[in-house]
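Only the coordinates and a few stated rules stand behind these numbers; no lab work does. Keep in mind that this is a model prediction, so the values were computed, not measured. Here the Cβ positions follow ideal geometry from the backbone for every residue, glycine too, while neighbour counts run over all protein chains shown.
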Amino acid sequence: MSNIVDPLVGRIAARVRVERERRGWTLARLADASGVSQAMISRIERGESSPTAVVLGKLSAAFELTVASLLALAEGAEGAEGHDGPAGGGAVDAGGGVRRRDDADEWCDPDTGYRRRQITGPRFPAEVAEIRLPAGARVPYPAAAFAFVRQLVWVLDGRLTFHDGDTVHELGPGDTVELGAPTARVFANTTDTPCRYAVVLTRGVRP
């Protein structure tokens with residue numbers, strides 16, 4: 001059975017609330033840190049609104065988490081503690097194991113149709129996600145979303161126009177780009193066919 005969109009949205013709602021409360025932040029504090037309105041955050045936490053990729057990127061950056069980290073934590077138990085601590089793992093436990101394609105959660109951006117599937121579970125030391133970017137879609141992320149991580153983008157199918165700060169890379173199947181210092185970035189598909197790429201990251205050392 002495929003768990004697409006709705007179950008994961010509910011867990012994202014719980015995870016955003018847990019991450020906010022464990023920091024002792026009010027809605028106003030998170031709104032100030034993320035640039036997302038209090039009203040929107042409240043609707044997300046109540047499960048009344050599915051966050052867009054842009055909003056999810058802003059919230060993740062405010063928590064000093066990557067989008068992949070937030071989604072990986074959301075896949076685990078609602079009460080999981082810490083940025084990278086244990087989370088309930090479903091089909092994958094601390095010793096590893098098989099994770100079936102149909103058991104994986106897939107999150108869909110309600111704005112662009114961008115789909116993100118976590119390949120690795122919350123206990124795995126690296127984070128790998130598969131992204132499907134529809135034709136014409138454009139997803140920007142703030143520089144803070146890339147803090148404290150080393151990240152690689154690997155195009156699997158189609159073409160990706162990747163804005164790395166002021167530099168633009170036109171990437172085709174098999175092309176990779178290793179990201180450097182944090183900067184605002186945009187993932188764009190300017191073609192009329194879908195693009196599929198993988199994001200691979202490891203967390204760096206916090207100051």
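Quick rundown of the values:
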read-out	value
Theoretical FRET efficiency, 1/(1+(r/R0)^6), r = Cβ-Cβ of Thr167 and Ala126, R0 22 Å, to 0.05	0.30
Summed residue charge, Cβ within 10 Å of Val200's Cβ, Lys/Arg positive, Asp/Glu negative	-1
D_trans [Stokes-Einstein, Kirkwood Rh over alpha-carbon pairs] for the stretch 104-207, 10 °C, 1.306 mPa s, µm² s⁻¹	113
Radius 14 Å from Cβ of His169, net charge of other residues (Lys, Arg +1; Asp, Glu -1)	-3
Computed over the stretch 130-173, the ratio Rg/Rh where both radii use C-alpha atoms and Rh is Kirkwood	0.94
Neighbour net charge for Ala39 - beta-carbon separation under 13 angstrom, K R +1, D E -1	0
Spin-label pair Leu156/Ala198, simplified geometry with 7 Å Cα→Cβ offset, distance in nm	0.7
Order by protection proxy (mean Cβ within 10 Å, highest first), peptides 9-21, 140-152	9-21, 140-152
Order by protection proxy (mean Cβ within 10 Å, highest first), peptides 29-38, 51-60	51-60, 29-38
Potential extension, Trp25-Asp175 segment - 0.36 nm per residue separation minus Cα distance	49.9 nm
